[in-house]
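Worksheet for the structure shown next.
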Amino acid sequence: MSSEDPSDVFDELSEMESKAIFKPKVVALVVSNSENKGPNVMTASWWMLAGYNPFRYMLAVSHGDYTHEIIEESKEFVLAAPSSEMIEALTLSGMVSNRELDKIEHLGLETVPGSEIDVPLLKNAVGNIECSVMDSFEFENCTYYFGQVEAAYVAKDGMDGRLLSLDNDILAYLGSDWDEGDTHTKSRYYAELSSDDLRRFPGDEVIEGLPEDLREKYQAED
Ligand SMILES: Cc1cc2nc3c(=O)[nH]c(=O)nc-3n(C[C@H](O)[C@H](O)[C@H](O)COP(=O)(O)O)c2cc1C
């Protein structure tokens, strides 16, 4: 084993800084709606694909969020993938609660009714996924919802085969940091991606490099 120490090889990060290394990430705009409270939108980075059968996403919602009250009532939410033109919506919806401001109205967000659930979709998003809560658990101050996919939509002509087309206005979010000119809140950073940024790596190259017995196994499987 090498006698190198991690700090000889890497720059060490704090716990908080560690979240930078899995960026860029598409941070979601979560839309919720209930009969009593009406529609709302909040920013959420704590979401993940969480199973295939039925296809589901997990979303963590803090008990202090108005969104939590709404999802507890309706058991439904939409995960919207914002476009880069929605950077202001992403920033504001992560700072301000709907208890203080009707965010959808303030931001002028255009919506379309959901097809399978009673939650609106965001018209200018790259895509929207309609979810109904199939299960949930609580841990510390969050509820972790498993949202079963009821319907999913992408912007017209937004796919390139099985891939999301990079010609979409994708918001590849990198995080926030203080800039010289900032006085009250940090600047938000994102990367501009286009189809020119797409690179291809053929998986066959990996199979060709395997030991012979394994190569035969993987070649037989396709
Ligand atoms: C980048 C970012 C990511 C966030 N991710 C989450 C999240 O995954 N879950 C959550 O409960 N709150 C998250 N928040 C905080 C909420 O968006 C914030 O508390 C919001 O004001 C809640 O709005 P509401 O009270 O109208 O529901 C995030 C905020 C930011 C800026």
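For the range 1-97, taking the reciprocal of the average inverse distance between every pair of different Cα atoms yields a Kirkwood hydrodynamic radius of 15.9 Å.
Rounded, prolate or oblate: which fits the range 29-145, taking a ≥ b ≥ c as square roots of the Cα gyration tensor eigenvalues, rounded meaning a/c under 1.5, else prolate when a/b beats b/c? It would help to have the intermediate numbers written out before the result.
Values: a/c = 1.45, a/b = 1.23, b/c = 1.17.
The shape class here is rounded.
So how far, in whole Å, is the C-alpha centre of the range 104-157 from the one of the range 17-83? After rounding, the separation between the Cα centres reads 7 Å.
Quick check on the range 169-222: take the gyration tensor over C-alpha atoms, sort the square-rooted eigenvalues as a ≥ b ≥ c, and tell me if it's rounded (a/c under 1.5), prolate or oblate. Let's see the in-between values first.
Values: a/c = 5.39, a/b = 3.43, b/c = 1.57.
Prolate, since a/c reaches 1.5 and a/b exceeds b/c.
Summing Cβ point charges (Lys, Arg +1; Asp, Glu -1) relative to the Cα centre of the range 105-198 gives a dipole of roughly 160 debye.
Contact order normalised by length for the chain, with contacts defined as Cα pairs under 8 Å and 6 or more residues apart; what percent is it?
Values: 385 pairs, mean separation 42.9, N = 222.
Relative contact order, the chain: 19 percent.
Classify the range 103-189: rounded, prolate or oblate, from the alpha-carbon gyration tensor (a ≥ b ≥ c, eigenvalue square roots; a/c under 1.5 rounded; otherwise prolate if a/b is larger than b/c)? Note, shape of the range 103-189 comes out oblate. Amide H contacts under 5 Å for Leu171: Ser84, restricted to partners 5 or more places along the chain or on a different chain, H placed in the peptide plane at 1.01 Å from N. Relative intensity of the range 19-221 on a log10 scale, I(q)/I(0) at q = 0.10, 0.14 Å⁻¹, equals -0.50, -0.88, per a Debye sum over C-alpha point scatterers of equal strength in the absence of solvent. Here Glu88, Glu69 are placed in order of increasing Cβ neighbour count within 10 Å, fewest first, which gives Glu88, Glu69. Can you work out the Karplus-derived ³J(HN,Hα) for every residue in the range 66-82? Use 6.51 cos²θ - 1.76 cosθ + 1.60 with θ = phi - 60°, whole Hz, and x for glycine or proline. Per residue, the Karplus-derived 3J(HN,Hα) values read 4, 3, 4, 4, 5, 5, 4, 6, 9, 6, 9, 7, 10, 9, 9, 8, x Hz.
When the dipole is taken about the Cα centre of the chain, and only Lys, Arg (+1) and Asp, Glu (-1) are charged at their Cβ, what size is it in debye, to the nearest 20? Can you show the working numbers first?
Numbers: 17 positive and 45 negative charges, 139 e Å.
About 660 debye.
GNM, the chain, Cα, under 10 Å: largest mean-square fluctuation among Gly203, Gly51, Gly64? Result for the chain, Cα springs under 10 Å: Gly203 fluctuates most.
For Phe137, Phe55, Phe146, the sequence from fewest to most other C-beta atoms within 10 Å is Phe137, Phe55, Phe146.
Please rank Tyr218, Tyr190, fewest neighbouring Cβ atoms within 10 Å first, as an exposure proxy.
Working: Tyr218 14, Tyr190 19.
The fewest-first ordering by Cβ neighbours comes to Tyr218, Tyr190.
Close lysine pairs were tallied over the chain: pairs 8 or more places apart or on different chains with Cα atoms under 16 Å apart number 4.
Backbone geometry of the range 201-218 corresponds, through the Karplus equation with coefficients 6.51, -1.76 and 1.60 at θ = phi - 60°, to 3J(HN,Hα) couplings of 10, x, x, 4, 4, 5, 5, 4, x, 6, x, 3, 5, 5, 4, 4, 4, 6 Hz, x marking Gly and Pro. Taken one residue at a time, the phi angles of the range 83-94 give Karplus couplings (6.51, -1.76, 1.60, θ = phi - 60°) of 8, 5, 5, 9, 4, 5, 5, 5, 5, 5, 6, x Hz. Gly and Pro are set to x. In the range 19-221, taking the dipole from charged Cβ atoms about the Cα centre, the farthest positive-side position among Tyr57, Tyr145, Leu214 is held by Tyr145.
Read-outs throughout are calculated quantities, based only on the coordinates presented, and are distinct from any laboratory measurement. Just so you know, these numbers come straight off a predicted model, no measurement behind them. Glycine gets a Cβ as well: all are built from the backbone with ideal geometry, and neighbour counts include every protein chain shown.
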